[in-house]
Structure formats: structure tokens, C-alpha cells
Amino acid sequence: MNNMDIYNRFREVPQEAKRTISAGNLKGFTDINPMWRIKKLTEEFGVCGIGWYTEITDKWLETGADGRTAAFIQINLYVKVDGEWSKPIVGVGGSMFVNIFKGSQTSSDEAFKMAYTDAISIACKALGMAADVYYEKDRTKYNAFENVADNQDTKKEKVSEYITEKQIAQLMNFYRNNQEKLKKFLDKCGVDNIVQLKRLDAQAQIDRIEAAEKMKEAKANGQAGDA
């Protein structure tokens, strides 16, 4: 099988599975019917639980300074190719649990369900699923944007380089057993939520942690050699 075979079979999304988001922070983005992803996974790999499956590895809530609370789920997606199971394909998804509408807080009893659906979509990106949609505009909901007024008081999009799904997964893995250190890092960066981190800040921290781990490992190996 060619390296691009699955990618190319997954990349195109039929028009009936797409919908343009017309309001909110994601206005202008393309919403993809989640059942289309399930269908494609089943067509390619087989019945869920036999040819592909997911496992939830973590779930948590994060509250921002504005009173909103987001629900997050991290999953591993596994697919079977030529009778062999893949390594875990990580996906981190999020959805609002407590939001604010017209000055009042409202909560969603489907936040974790929607976060799970989002996590599947993120994991499926690694297989090339819906690549044509994402590559066309080269952005995801984590490339957060703001509506700002231009000189004629009309609105345009201002795109910022925010943290990627892969970086979220890496940082959550690093801080899995020390949420207090994660909070201190977020405070240092002036944000309340990991998805608000700038991509460069996230990568700099990932590089620092990996370098520290390598030094620790080298020191341990050196001491073992001396012994």
C-alpha cells in the first residue's frame, strides 16, 4: 500500500456532509457531519470495535477568567491495516460546558459528548480525513481569530497562530500528573486555558521540557556507567 492511499481516499468531503458555519467565533468555517467520519472509518477499516476503535485516555474541565468553562477529552484512535493494529493516534477535543449568553451563564449536558466527537475529528486528521477542507483555508478552530474593525468600520478576520492539537496533546502528557505546574505555566503566559496559548510559546515550553528530560536521562545513564 502506498503511503498516500488512505490519505487520498479520506481527503475529499462530499458536499452533503458539509455546512458553512454562519455565526459565532467559528463563522466562515466548515462544519463536517460527524457521521461521515464514522462512515469513512467503517468503509476503510471495518466495523467499529473490530476494524477500528477509540479509547478515552483523559477528560477534564477548564474554567476561564470570563466564567466560561470548557470540557476536554483526549482519546487514542486505533485502526487495523492488513491485520495489524496501529499505534495510538491521539486526538484532543473540546466543547463549552458553561457558556455565557446575553449576560447569563448556561450549561450544556452534551459538552463531553461533543468534545469526544471533536477529538475523533482531530485524530482522523492525521489520516488525511477531510484534508481538502482543512487545507483549503489552512486553519482550524485552534487558529483562533478575532473580528476587528478596519478603517472603514467594516469587519475582517485577524488570524493568530495558536497552539496546535499535537502541542496540546504533548503538554497534557507532560503535565498529566502535575496540573499545578501546568497552571503556573499558563499564568506565566497570561492565559487561563491551554487552547489560548500561542503556538510559539507552547513549542518553546515543549522544547524546554524535552531538553530537561534528555539531560536527566543522560545524567542517569552516566551515573549508571560510573557505578
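The values are calculated or read from the model by the stated rules, or taken from the named source; none is laboratory data. As the structure is a prediction and not an experimental result, all values here were calculated from the model. Note that we place each Cβ from the backbone using ideal geometry, even for glycine, and neighbour counts take in every protein chain shown.
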### Query
Is at least one residue of the stretch 67-81 closer than 30 Å to residue 193 by Cβ, at pLDDT below 95 and surrounded by fewer than 14 Cβ atoms within 10 Å (Cβ to Cβ)?
yes
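Here is a yes/no grid of residues against (1) under 19 Å from the mean Cα position of the chain (by Cα); (2) in a helix (DSSP H, G or I); (3) touching a residue at least 24 places away in the same chain (Cβ under 8 Å); (4) not assigned by TED's automatic domain parsing to the domain that holds residue 96:
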| position | (1), (2), (3), (4) |
| --- | --- |
| 180 | no, yes, no, yes |
| 184 | no, yes, no, yes |
| 188 | no, yes, no, yes |
| 191 | yes, no, no, yes |
| 206 | yes, yes, yes, yes |
| 209 | no, yes, yes, yes |
| 214 | no, yes, no, yes |
| 220 | no, yes, no, yes |
### Task
Keeping to the stretch 174-202, report how many residues are surrounded by fewer than 16 Cβ atoms within 10 Å (Cβ to Cβ) and polar (S, T, N, Q).
3
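Any residue at all in the stretch 139-149 that is among the β-branched types (Val, Ile, Thr) and modelled with pLDDT under 50? Even if it seems obvious, please write down each step before you answer.
First, pick out the residues of the stretch 139-149 that are among the β-branched types (Val, Ile, Thr): 140, 148.
Okay, now just the ones that are also modelled with pLDDT under 50, so 140, 148.
Checking the stretch 139-149: at least one residue is among the β-branched types (Val, Ile, Thr) and modelled with pLDDT under 50.
Taking residue 202 as the residue in question, decide whether it is part of a helix (DSSP H, G or I), in contact (Cβ under 8 Å) with a residue 12 or more places away in the chain, out of contact with any Asp or Glu (no Cβ under 8 Å at 6 or more places or on another chain) and not assigned by TED's automatic domain parsing to the domain that holds residue 70. Let's see the steps before the verdict.
On the way: part of a helix (DSSP H, G or I): yes; in contact (Cβ under 8 Å) with a residue 12 or more places away in the chain: yes; out of contact with any Asp or Glu (no Cβ under 8 Å at 6 or more places or on another chain): yes; not assigned by TED's automatic domain parsing to the domain that holds residue 70: yes.
The answer is yes for residue 202.
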### Task
Read through the list (1) of a type in the set (A, V, I, L, M, F, W, C); (2) without any contact (Cβ under 8 Å) to a residue 24 or more places away in the chain; (3) more than 22 Å from residue 163 (Cβ to Cβ), then give the number of the only condition that residue 60 fails.
(3)
### Query
Can you tell me which residues in the stretch 157-178 are of a type in the set (Val, Ile, Thr) and assigned to a helix (DSSP H, G or I)?
168
#### Entry: Matching residues, the stretch 77-87, being of a type outside the set (Ser, Thr, Tyr), over 15 Å from residue 115 (Cβ atoms) and either part of a strand (DSSP E or B) or in the same structural domain as residue 191 (by TED's automatic domain parsing) (or both)
79, 80, 81, 84, 85
